[in-house]
Structure formats: C-alpha cells, structure tokens
Amino acid sequence: NPFADLAIFGPYQVRLQRKMAMAGLIPVGDGTYRRVEFRGPPDVGVWTVHFVVYKNTLIMSKAVGLNPLERYIKLIHKFAREYGSRVWHLLYQADHRFRLEELPDIRRRLAKAAEAVKKGGGTHPYDPERPWHLAWQMATGEKCEKFWKDEFEKPATAVRLELARLGEFVDGDAIIHA
C-alpha cells in the first residue's frame with residue numbers, strides 16, 4: 001500500500017517537524033522514551049502542499065498516473081469548499097481512512113476480479129505490475145461514493161446543521177494540527 005501519512009510526509013520536513021507534533025515513543029539519549037505526536041495538516045491548503053509531494057512520489061515511481069491523483073485533489077477541494085473549514089478535521093479523517101483502508105480494499109477486489117476474468121479467458125484492465133493505478137482511478141468514481149457519503153458527507157451535514165457535534169464523528173485516528 002503506497003499510503004503516506006500527510007502529518008509527516010510533505011515538503012519542508014525540518015520546519016514542519018518543529019511545528020507539527022502521531023502518538024508514539026521516541027528514544028531519548030539516556031535510554032528512556034519520550035512521547036510525541038505528529039498531527040495532520042490544519043487546513044486544505046497545507047493538505048494540498050503535502051499531497052502534491054505524495055502525488056509526485058507516486059508518479060515518479062510509476063505507481064499511479066497523474067489524472068486519478070488530480071481528480072482526487074479536486075474531490076477533496078470540492079468537499080472543502082462545499083462543507084467549509086468547520087468540518088476540515090472530519091474531511092482529513094475520511095481522506096486518511098480512504099488512503100489507508102479503502103484503497104487497499106479496492107486493489108484487492110480488482111486483483112480478485114482480474115484473476116476471475118483471466119481464468120474465464122477474458123482480459124481485465126487491472127495490471128499486476130501497477131496494482132495501484134486502477135485503484136486510484138476508481139477512487140474518484142461512482143463506486144466510492146458510498147464511502148464518502150458514510151465517512152464524510154452525512155456526518156459533515158449533521159455537524160453543519162448543528163444536529164450533531166464534530167466530536168461525535170472524529171475518532172482520533174487522524175488528528176490535525178490546530
């Protein structure tokens with residue numbers, strides 16, 4: 001899975017490392033450990049800067065083509081525009097979960113479908129040499145609408161209409177830098 005945690009993957013690493021503090025322990029010189037947190041991007045602008053570095057890495061490694069990644073950026077920007085900064089934390093959580101959990105599931109389903117089609121003598125667009133390319137193409141298609149409705153659109157609508165509080169949906173697995 002070519003997942004990258006945008007809390008720590010992006011440009012200006014040294015500068016961002018000082019500003020953004022994912023929970024974990026790091027060794028300290030005296031043999032003890034110190035707890036640190038790396039938080040995700042505080043807004044869609046910073047997310048975009050980090051995602052562009054990730055996008056370029058995927059393209060240079062020939063894992064994914066440009067178009068699906070550009071469509072994904074447009075999708076995130078569309079959600080950010082339509083729902084506003086008030087629910088950015090929820091949008092980042094959904095993005096994080098999509099790239100970490102949903103994309104590998106899509107790739108597994110595609111590989112399984114391709115295998116079945118090939119056993120039947122047919123051809124399938126899935127390329128085992130570039131397993132993530134087709135998965136990313138599907139990431140912004142109709143088959144992923146349910147994920148975005150469940151993980152972001154329904155909760156964001158409830159928060160914006162003040163039917164629920166943001167804390168009822170944010171689980172802490174993708175913390176942002178406030």
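Descriptive notes on the structure:
- Applying the condition of being in a loop (DSSP other than H, G, I, E, B) and on the phi < 0 side of the Ramachandran plot to the range 50-95 and asking which residue is surrounded by the fewest Cβ atoms within 10 Å (Cβ to Cβ) yields 61.
- Breaking point among (1) at pLDDT 90 or above; (2) in contact with a helix residue (DSSP H, G or I) (Cβ under 9 Å, 6 or more places away or on another chain); (3) loosely packed, with under 15 Cβ neighbours inside 10 Å, for residue 118: (2)
- Test: residue in the range 96-111 that is assigned to a loop (DSSP other than H, G, I, E, B) and crowded, with 20+ Cβ neighbours inside 10 Å: no
- Any hit, the range 7-16, residues being at pLDDT below 95, within 21 Å of residue 104 (Cα to Cα), open to solvent by less than 30 Å² (accessible area, probe 1.4 Å) and not basic (Lys, Arg): yes
- Some residue of the range 125-140 being at pLDDT 90 or above, aromatic (Phe, Trp, Tyr) and touching a Lys or Arg at 6+ places or on another chain (Cβ under 7 Å): yes
The values are calculated or read from the model by the stated rules, or taken from the named source; none is laboratory data. Source: prediction; values computed, not measured. Quick reminder, even Gly has a Cβ in these numbers, built from the backbone with ideal geometry, and neighbours come from all protein chains shown. We work out accessible area using only protein heavy atoms, side chains counted, and drop any ligands, DNA or RNA first. Shrake-Rupley method; radii C 1.70, N 1.55, O 1.52, S 1.80 Å.
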